[in-house]
1. Enumerate the calculated ³J(HN,Hα) couplings along the range 71-79 in order (Karplus 6.51 cos²θ - 1.76 cosθ + 1.60, θ = phi - 60°), each rounded to whole Hz, writing x wherever the residue is Gly or Pro.
2. Modelling each spin label as a point 7 Å along the Cα-to-Cβ direction, I'd like the Ala245/Gln196 distance in nm, to one decimal.
3. Order Met209, Met34, Met1 by their accessible area, 1.4 angstrom probe, all chains in place, largest first.
4. Which value, in Å² rounded to 10, gives the accessible area of Val185 with a 1.4 Å probe and all protein chains present?
5. Multiply the residue separation of Leu16 and Phe76 by 0.36 nm, subtract the distance between their alpha-carbon atoms, and state the gained length in nm to one decimal.
Amino acid sequence: MTLGWILAASFAGGTLSAALAAFALFLRASWLPMLISYAVGALLGAAFLEVIPHAFESGPPHQAAAAILAGIFGFFVLEKLLLWRHCHTENCEVHDRRTVAHDHGRSGALIMVGDTVHNFVDGVLIAAAFLQSTELGIVAAAAIIAHEIPQEVGDFLILLHSGYSRGQALAVNLLSSVATLVGGVLGYYGLQHARQWESALLGFIAASMVYVAVADLIPGLHRRPELRDTAFQALLIALGIGSIAAVRLLLAH
């Protein structure tokens, strides 16, 4: 039953989000910041309302705290090495549109290598959450899916600017998303033998959510400092947090 939940959540977190990202390209470009604001709230809500409390309850608090700290530092290093690079807009600082359009596919290949690693780790994180409890797994998966969609939109745009056709970009994104399923299955079988590290694993999950929200997504929102945009972003972040709280309440009953 647990493996079934992991497979379903991994499929939704990978393949479904890639397909929704392709569909989102047909929507207004101004909607992408809305998706990102909501994703920030969902990630922070899942981390602070669900994952971190479970991490501190399931083992020594200092182990969970150390795992959160180590996770944030680790993700920083990975991102610096371009193995964990999220681009959520057409003109991010790493993949500028002017250079991507003339690189004969190199930037597209690079971003998909990073995305495949990212998807694999997402699968492992989903498995770790479901091995703790079904409720925690659903909340973690919902937060991962929420931030996967704007990320996949950004990856899709990079592939298009790198010379891929829409069909090729969708195929490559879907192929990369299979790594989520692989990570979920390997995580299920591998993490069952690491129960003593349960608190640390949950801390690592929380670190990934906090890092993506604070280091990757929020800086992009600051590029729109106007009062109206700021108020709208705050509302959507609150909506993302509220969605996670609502899921928790529904599952509790």
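1. x, 4, 5, x, 5, 4, 5, 4, 5
2. The answer from the label model is 4.0 nm.
3. Met1, Met34, Met209
4. The accessible area of Val185 comes to roughly 50 Å².
5. 18.9 nm
The values are calculated or read from the model by the stated rules, or taken from the named source; none is laboratory data. These figures come from a predicted structure and were not determined experimentally. Reconstructed Cβ throughout: ideal geometry from the backbone, glycine too, with neighbour counts over all protein chains shown. Please note that ligands, DNA and RNA were not included when accessible areas were found on the heavy atoms of the full protein model with its side chains. Shrake-Rupley method; radii C 1.70, N 1.55, O 1.52, S 1.80 Å.
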